[in-house]
Amino acid sequence: MAEVDSNYAVYVPPHKITQRTLDGMVHYASQTPINAVVLHVKTPRGRLLWPSKNPTAVEMGVAAGHSGLARHVARLKQDNIHTIAKLDVFADHQLAASRPDMSVIDARSGAPWTDANGLHWSNPSDSRVWAYNIALAKELAGLGFDEIQFDYVRFPSDGDLSAITYPNTEAGFSKSNYIQSFLEKASRELKPLGVLLSADIFGLTAWKTDDFGIGQVLEKMAPHLDVICPMFYPSHFPAGFLGKQSPGEFPEMIMEASMRSMQRRTDKPIRPWIQGFWYRPDQIAAQIEGIEEVSPSSWSVWSPSGNYGQSYRAMADRSGTCLTPPKFYATLAELKNEADRSIRGNSAVVNYTNFKSGYSIISLEAYQKGQRSSYTSPAAVVGTLEEGIMDHILQSRGISFKTNANPHTKRKLISDLLCSDLGKSARRMRPQPIYIDWSQGCTFSTGNIPKSRLELFAHGGREETRETSTEIEASEPINIAAISESIFGVVMEPMVIQPTMVFSR
């Protein structure tokens, strides 16, 4: 079993689990206390962010077809980042919808009950639901996660609770006993795999000794957990709590008092959730200070958007650190002196870029029987361009974008430009050289390609008969269709470019 160290984590929502996001977090981990990441890999809708082999997940169609999750986990661990898989347990819309016999039932209709957010819930008292979630946790352990963090490990709390019925339970059953039994089983089965087990619990659990209707009782849950993760969000406490009409205005007090209350009832490690949304840096820092007043405990920062600019500032202000932004790729200016670069598909060049002269020639790859190509769409081929070049093209064309946006967003914008310039939809695009002089104009075209540049593209930049700066006289027309047929094995509409006086490479 892995040891419980002091971990300082940030939460990553499903849509933010990308290489770009994680690279940024690793960067800020070098400037702040952050040494752990919580990846949200099973959502309340039941969606899984990895290609699960679980028969139930496969049958429901909730497993990811393609996923870089295992690669992301390995990359984080290389940088000594503690990896935590957040698994939403009983809030599982798809499981309840697909298997009503395993769901919380609406007594009025006999159909799966719906909460205030429009979600169905699986039945927390059903051992088959337990087995499903534990099996998923085992898969995540197999992917290399250091810790499994259960969320929604409770009974429903929002919606018309009076309409709920739980199949196969007796009148007066104990919700807290079911939650306890589930955690006991999960702990027993996961412990041999060497992963830690934690659970998110309501902040009021630190203050209440009954289960207040959701089945969470600290004394029953703690023995089966390695880490307890209470959600002490100050703004979520009710008016009048600790005598304050607006508890959210006293973040340090709320955090310190809640930590003391919980520590009086358990000796298990506590890693509270810090409110990283709605708050200024000083209010986020105040929560950390409230925790540290009690003990040098771990903590995690929650922002549902996955944006942590304010939180990183709070951490930097506390330590007197000057934050530097992450750098993800080379700018165009830095690329100017790079050597020519070509990228090949299965049988032909799909991108030839001459950095010194400032142009690229790209092409989709022709279908070859028995071979699967990664370059059969405009977006895929555009994705071979350096990101610094993509930024320059978008800026030159007046397209609004964020430089730190996900590369896929930029590829989509560039792909749309390409299709617009050529007057073709992505589906009608065929393999042929597509030229863009990004030193002038940044417009995509299939005509007026200097012959010397087209030859370099065809041969992957291996022509060595002329220097880059040489001007070459054109003595005959360039038949693009013939060249494309020679390179790609596909026939294009006839297109001949008449020679001009001079072509420059």
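The values are calculated or read from the model by the stated rules, or taken from the named source; none is laboratory data. Computed from a predicted structure; not experimentally measured. Glycine also receives a Cβ, built like all others from the backbone with ideal geometry; neighbour counts cover every protein chain displayed. Accessible surface is based on the protein model in full, side chains and every heavy atom, while ligands, DNA and RNA are left aside. Shrake-Rupley method; radii C 1.70, N 1.55, O 1.52, S 1.80 Å.
Worth a mention:
- Residue 409 surrounded by 18 or more Cβ atoms within 10 Å (Cβ to Cβ) and under 26 Å from the mean Cα position of the chain (by Cα): no
- The condition of being assigned to a helix (DSSP H, G or I), of a type outside the set (Lys, Arg), surrounded by fewer than 20 Cβ atoms within 10 Å (Cβ to Cβ) and under 31 Å from the mean Cα position of the chain (by Cα) holds for residue 184.
- Flag if residue 143 is open to solvent by 10 Å² or more (accessible area, probe 1.4 Å), under 30 Å from residue 37 (Cα atoms) and touching a Phe, Trp or Tyr at 6+ places or on another chain (Cβ under 8 Å): yes
- Residues in region 221-238 that are over 29 Å from the mean Cα position of the chain (by Cα) and open to solvent by 50 Å² or more (accessible area, probe 1.4 Å) were compared, and the one that is nearest to residue 208 (Cα to Cα) is 238.
- Candidate set: region 57-88, residues that are touching a Pro at 6+ places or on another chain (Cβ under 8 Å) and of a type outside the set (Asp, Glu); chosen: the one modelled with the lowest pLDDT: 66
- Per the listing 295, 319, the residue uniquely touching a residue at least 40 places away in the same chain (Cβ under 8 Å) and open to solvent by 10 Å² or more (accessible area, probe 1.4 Å) is 319.
- Residue within region 239-254 that is touching a strand residue (DSSP E or B) at 6+ places or on another chain (Cβ under 9 Å), assigned to a strand (DSSP E or B) and buried (at least 20 other Cβ atoms within 10 Å of the Cβ) present: no
- In region 114-149, the residues that are in contact with a Pro (Cβ under 6 Å, 6 or more places away or on another chain) and of a type in the set (Val, Ile, Thr): none
- Single match in 79, 126, 92, 115 (criterion: acidic (Asp, Glu) and in contact with a strand residue (DSSP E or B) (Cβ under 7 Å, 6 or more places away or on another chain)): 92
- Single unsatisfied condition, residue 56 versus (1) open to solvent by 10 Å² or more (accessible area, probe 1.4 Å); (2) part of a loop (DSSP other than H, G, I, E, B): (2)
- Checking the stated criteria, residue 128 turns out to be under 20 Å from residue 56 (Cβ atoms), among the charged types (D, E, K, R) and open to solvent by 20 Å² or more (accessible area, probe 1.4 Å).
- Unique match (being over 30 Å from the mean Cα position of the chain (by Cα) and closer than 15 Å to residue 8 by Cα) among 256, 292: 292
- Test: residue in region 65-82 that is in contact (Cβ under 8 Å) with a residue 12 or more places away in the chain, closer than 30 Å to residue 118 by Cα, of a type in the set (A, V, I, L, M) and assigned to a strand (DSSP E or B): no
- If you filter region 157-190 down to residues that are in contact with a Ser or Thr (Cβ under 8 Å, 6 or more places away or on another chain) and of a type in the set (Phe, Trp, Tyr), you find that the one that is nearest to residue 106 (Cα to Cα) is 166.
- Test for residue 117: is it open to solvent by 40 Å² or more (accessible area, probe 1.4 Å) and of a type outside the set (A, V, I, L, M, F, W, C): yes
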